[in-house]
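The values are calculated or read from the model by the stated rules, or taken from the named source; none is laboratory data. Given the structure is predicted, the values throughout are model-derived calculations rather than measurements. All Cβ positions, glycine included, derive from the backbone under ideal geometry; neighbour counts span all protein chains shown. Areas reflect the complete protein model, heavy atoms only, side chains present, ligands, DNA and RNA absent. Shrake-Rupley method; radii C 1.70, N 1.55, O 1.52, S 1.80 Å.
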Amino acid sequence: MTGTRGKVFAWALYDWANSAFPTVVSTFVIATYFTQGIAADPVTGQAQWGWMQALAGIAIAVLSPALGAVADAGGRRRFMLLCCTAVTALATGLIWFATPGPSSTLWALFCVGIATVGFELGTVFYNAMLPGVAPPEKLGRVSGLAWGLGYAGGLACLLVALFVLVRPDPSPLGLDHAAAEHVRATALLVAIWLIGFGWPVLLALPDPPPPRPAWGAAIRGGLAEIARLLRGLPRSPVIGRFLLARLFYTDGLNTLFAFGAIFAAGQFGMTFEEILLFGIALNVTAGLGAAAAGLLEDRLLGARNTVLLSLAAIIGLGTALVLVDSKAAFWGLALALGLFMGPAQSASRSLMAALAPPEEVAAHFGLFALSGRITGFMGPAMLAAVTAATGSQRAGMATVLGFLALGAVILFTIRPRRGA
């Protein structure tokens, strides 16, 4: 995997590997299992899941920019990606011990919270590798390809989970359905999936050769770099406003992803099997949307316009989703919304890669992660508070739309240089 195509494939394959975590754990299976099988009731479960995501968001906001700058200063992006991947896989695997019933509430929330922090920090170093595998004129194409492959990976993992673990009864693996082992085993599947498919990028994209500064010097240099970047944001209005816009719309997107399946299960009474089928269908439309948008982004729209069009579609379809009462209508609207989920994220990544100076790309992706997480607690916290106060999952989900709209309005005001 020494050639350019090999590097692109190895880099994109990591999206296939790590997308199993948000798909199976954060969205469709474990999140639903927590609210339906562990929490006292779905409304309480949605609120508890929201507070956990809020705390994880604070940790990510504090750690991501500093660690990104340290990776730049010390030239150790690969090593730090390895560490984050290992933490994510280990914490995910430990979800197996979250047995049904409220007694497992703290354990489940702790494991998912740690895994979420590891996953999000790992994306800082992974995203920072993008300029090293794609020239500027192909950033959108490669980013969209990887995002589409990520949805395919999440889809494949869901298919394995459904037909090997969840649906068979009795289980050929001896899993006890009464103890929810067939559902808990999906966490073990994700841990194995992440390790099994995530290693090629660590071989194909090595860190710069020695000499490299010692860890102490790298930490001091990284913190000095992030302080300089933060002080310089007022002199970089395009980057500053882009990060501000992303601060809000990513908060909305992350909250939508984290609670979509919880909402579907609680509001429409979907079973675990229905949730898995829903996730499979949604990943198909999302993957198609991400791959197609990457080509349109490079050839026609540009990254900014791709994000804006995607957000507009998500807001419109999301408004309808909160209002409908029919399960069939919910399915149709959600699958249509899936077409725009990938482009909103993929184009954001390629826009950041185009705007960031090459020598500071990991630090800028640290700010990129910070912008997606510094208020990452606000979306889940707002949803949790409104859900708890009103006793309505619909009212809680409606808060997402405000974050998406505010981010879109700010993004509309920026005019990046031609080509970005």
field: Criterion violated by ARG141 - all others in (1) over 16 Å from the mean Cα position of the chain (by Cα); (2) within 19 Å of THR4 (Cβ to Cβ); (3) surrounded by 24 or more Cβ atoms within 10 Å (Cβ to Cβ) satisfied
entry: (3)
task: Select from region 361-415 the residues that are open to solvent by 40 Å² or more (accessible area, probe 1.4 Å) and part of a loop (DSSP other than H, G, I, E, B) and write down the one among them that is modelled with the highest pLDDT.
output: THR413
field: Criterion (closer than 18 Å to ASN127 by Cβ and touching a residue at least 60 places away in the same chain (Cβ under 8 Å)) met by exactly one of ALA54, ALA47, ALA39, ALA61
entry: ALA61
message: Consider region 308-332. How many of its residues are of a type in the set (S, T, N, Q) and either outside the structural domain of PRO343 (by the TED database) or part of a helix (DSSP H, G or I) (or both)?
response: 2
task: Please work out which residue is surrounded by the fewest Cβ atoms within 10 Å (Cβ to Cβ), limiting yourself to region 157-190 and to residues that are in contact (Cβ under 8 Å) with a residue 60 or more places away in the chain and farther than 14 Å from PHE272 by Cα.
output: ALA179
message: Here's a check for you: in region 60-77, which residue that is surrounded by fewer than 21 Cβ atoms within 10 Å (Cβ to Cβ) and assigned to a helix (DSSP H, G or I) is modelled with the lowest pLDDT?
response: ALA66
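Kindly check whether there is at least one residue in region 184-194 that is under 15 Å from the mean Cα position of the chain (by Cα), assigned to a helix (DSSP H, G or I) and outside the structural domain of GLY287 (by the TED database).
For region 184-194, residues under 15 Å from the mean Cα position of the chain (by Cα), assigned to a helix (DSSP H, G or I) and outside the structural domain of GLY287 (by the TED database): present.
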field: Any hit, region 78-87, residues being at pLDDT 90 or above, crowded, with 24+ Cβ neighbours inside 10 Å and under 28 Å from THR390 (Cα atoms)
entry: no
message: So for region 94-103 (the condition being part of a helix (DSSP H, G or I), in the same structural domain as VAL25 (by the TED database) and farther than 21 Å from ALA178 by Cα), does at least one residue qualify?
response: no
Hits in region 284-300 - residues which are open to solvent by 70 Å² or more (accessible area, probe 1.4 Å) and modelled with pLDDT of 75 or more: LEU288
task: Would you check which residues across region 265-281 are surrounded by 24 or more Cβ atoms within 10 Å (Cβ to Cβ) and aliphatic (A, V, I, L, M) and list them?
output: ALA265, ILE275, LEU276
